[in-house]
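> Submitted below is the structure of interest, expressed as structure tokens.
The values are calculated or read from the model by the stated rules, or taken from the named source; none is laboratory data. Bear in mind the structure is a predicted one, so any value in this text is a computation, not a measurement. Note that each Cβ is placed from the backbone with ideal geometry, even for glycine, and that neighbours are counted across all protein chains shown.
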Amino acid sequence: MNLRRHFSSQSTLKLSLGFFFASALLFFSGCQSESLTTKLTHELAPFPELIIDNGDDFVVIAHRGASGYAPENTMPAMQLAYEMSAEMIEVDVMLSRDGVPVLFHDAKVDELTDGTGYLKDYSLVELQALDAGSWFSEEYVGTTIPTLEELLVWAQGKMTLNVEIKTEAFREELEQSVEPKVVALVEKYDMANQVIFSSFDYQILARLQELAPSIPAAVLYEAVQSGRKGPIDVVNELQADGFNCSWRQYSEQWQQLLEPSAVPVLIYTVNEAEQMAELIQRGVNGIFSDYPDVLAEVATAELSTP
Ligand code: G3P
Ligand code: MG
């Protein structure tokens with residue numbers, strides 16, 4: 001017998017067992033929320049008015065516009081979502097180098113345009129010179145990155161919006177940061193009842209609450225910032241008006257915690273019909289999908305079934 005090998009395999013076994021038990025302990029303690037409250041400690045700002053509303057109390061949300069059919073966060077994707085009878089459009093907002101809110105998802109422009117590098121290093125004029133459509137298909141060559149203002153002008157009185165604000169748009173200095181800029185734009189176009197803000201960034205949410213408490217703002221659940229808190233604890237802490245989370249996170253336990261509070265629950269990003277149907281049956285208030293036409297069809301079928 002090779003003693004050294006025998007010894008080392010014995011220690012490996014002990015180490016592995018130790019690791020296994022430690023991991024199991026961590027896993028089970030990680031599954032325990034510190035608090036399981038269902039009690040809201042603040043009043044919710046009203047959910048925005050749905051301008052297109054099929055009256056079934058479920059919201060069909062086009063994720064980044066109808067981004068399964070046109071380049072995400074561009075005006076053609078907005079137009080298609082409108083034509084597909086989406087009841088809300090979700091967009092992502094970032095800031096150009098010169099501080100203009102624009103619609104864009106990634107920190108870098110490489111994958112979604114013909115440019116390279118960080119979006120925050122481009123001025124608005126430079127961003128507008130990029131091609132944000134050719135990566136998607138020939139049909140969209142020459143499509144540009146829209147500003148948030150351009151979207152608001154298009155959507156005014158026409159389409160309800162979920163304006164998601166990306167953490168990259170946060171600046172320490174409030175005046176340079178995204179929050180006062182988006183609030184000013186929504187107020188300029190008198191769209192406070194047509195918009196819900198959301199963010200994964202809890203500093204951004206806190207500032208939005210302070211600047212414009214009457215414009216609803218949903219928390220996008222973020223595990224690291226939330227630790228082991230339950231969903232209502234997170235909502236309470238941020239005085240949020242909605243809870244948006246991934247279908248991966250929306251457990252039965254969370255559903256039970258959220259339901260009594262009437263906090264709107266919007267789930268992203270669901271592109272499979274079967275999964276849409278299952279979530280609708282579980283009673284979620286809305287779903288973000290790249291295929292709003294498919295979602296609308298599934299919702300109609302599910303919600304008209306006796
Ligand atoms: O707002 C819902 C969803 O868009 C959040 O994730 O990465 O697609 O912006 P992401
Ligand atoms: Mg988004």
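> When you go through ALA223, ALA296 one by one, which is the residue that is at pLDDT below 95 and either within 13 Å of ligand 1 (Cβ to nearest atom) or among the hydrophobic types (A, V, I, L, M, F, W, C) (or both)?
The match here is ALA223.
> If you don't mind, there's one more thing I want to ask. Please work out which one of (1) surrounded by fewer than 21 Cβ atoms within 10 Å (Cβ to Cβ); (2) over 23 Å from SER67 (Cα atoms); (3) touching a residue at least 24 places away in the same chain (Cβ under 8 Å); (4) among the hydrophobic types (A, V, I, L, M, F, W, C) is the condition ALA277 fails and give its number.
The number of the failed condition is (2).
Here is a yes/no grid of residues against (1) aromatic (Phe, Trp, Tyr); (2) assigned by TED's automatic domain parsing to the domain that holds PRO292; (3) farther than 21 Å from PRO76 by Cβ; (4) in contact with a strand residue (DSSP E or B) (Cβ under 7 Å, 6 or more places away or on another chain):
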residue: ILE89; (1), (2), (3), (4): no, yes, no, yes
residue: ALA107; (1), (2), (3), (4): no, yes, yes, yes
residue: TRP154; (1), (2), (3), (4): yes, yes, no, no
residue: MET159; (1), (2), (3), (4): no, yes, no, yes
residue: GLU164; (1), (2), (3), (4): no, yes, no, yes
residue: GLU168; (1), (2), (3), (4): no, yes, yes, yes
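> Could you check region 36-71 and list, in sequence order, the residues that are within 15 Å of ligand 1 (Cβ to nearest atom) and of a type in the set (Val, Ile, Thr)?
The answer is VAL59, VAL60, ILE61.
> Does ALA132 meet the test of being touching a residue at least 60 places away in the same chain (Cβ under 8 Å) and either out of contact with any helix residue (DSSP H, G or I) (no Cβ under 9 Å at 6 or more places or on another chain) or in a loop (DSSP other than H, G, I, E, B) (or both)? Spell out the reasoning first.
Numbers: touching a residue at least 60 places away in the same chain (Cβ under 8 Å): yes; either out of contact with any helix residue (DSSP H, G or I) (no Cβ under 9 Å at 6 or more places or on another chain) or in a loop (DSSP other than H, G, I, E, B) (or both): yes.
Spelling it out, ALA132 is indeed touching a residue at least 60 places away in the same chain (Cβ under 8 Å) and either out of contact with any helix residue (DSSP H, G or I) (no Cβ under 9 Å at 6 or more places or on another chain) or in a loop (DSSP other than H, G, I, E, B) (or both).
> Something else: Say we look at region 72-101 and pick out the residues that are over 19 Å from the mean Cα position of the chain (by Cα) and among the acidic types (Asp, Glu); which of these is nearest to ligand 1 (Cβ to nearest atom)?
Only one residue tops the list, namely GLU83.
> Does region 236-270 hold any residues that are more than 16 Å from ligand 1 (Cβ to nearest atom) and out of contact with any Gly (no Cβ under 8 Å at 6 or more places or on another chain), and which are they?
The answer is ASN236, GLU237, GLN239, SER251, GLU252, GLN253, GLN256, LEU258, PRO260, SER261, ALA262.
> Sticking with this structure for a sec: Spot the failing condition for LEU127; the list is (1) surrounded by 22 or more Cβ atoms within 10 Å (Cβ to Cβ); (2) part of a helix (DSSP H, G or I); (3) within 16 Å of ligand 2 (Cβ to nearest atom), and only one is missed.
Only one criterion is unmet by LEU127, namely (3).
> Which of the residues spanning region 102-115 are within 15 Å of ligand 1 (Cβ to nearest atom) and either buried (at least 22 other Cβ atoms within 10 Å of the Cβ) or closer than 17 Å to VAL141 by Cα (or both)?
Of everything in region 102-115, those that are within 15 Å of ligand 1 (Cβ to nearest atom) and either buried (at least 22 other Cβ atoms within 10 Å of the Cβ) or closer than 17 Å to VAL141 by Cα (or both) turn out to be VAL102, LEU103, PHE104, GLU111, LEU112.
Yes/no per residue for (1) acidic (Asp, Glu); (2) in the same structural domain as VAL60 (by TED's automatic domain parsing); (3) under 17 Å from TYR221 (Cα atoms):
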site: GLN255; (1), (2), (3): no, yes, yes
site: GLU259; (1), (2), (3): yes, yes, yes
site: LEU266; (1), (2), (3): no, yes, yes
site: ASN271; (1), (2), (3): no, yes, no
site: ALA277; (1), (2), (3): no, yes, no
site: GLN281; (1), (2), (3): no, yes, no
site: VAL284; (1), (2), (3): no, yes, yes
site: PHE288; (1), (2), (3): no, yes, yes
site: VAL294; (1), (2), (3): no, yes, no
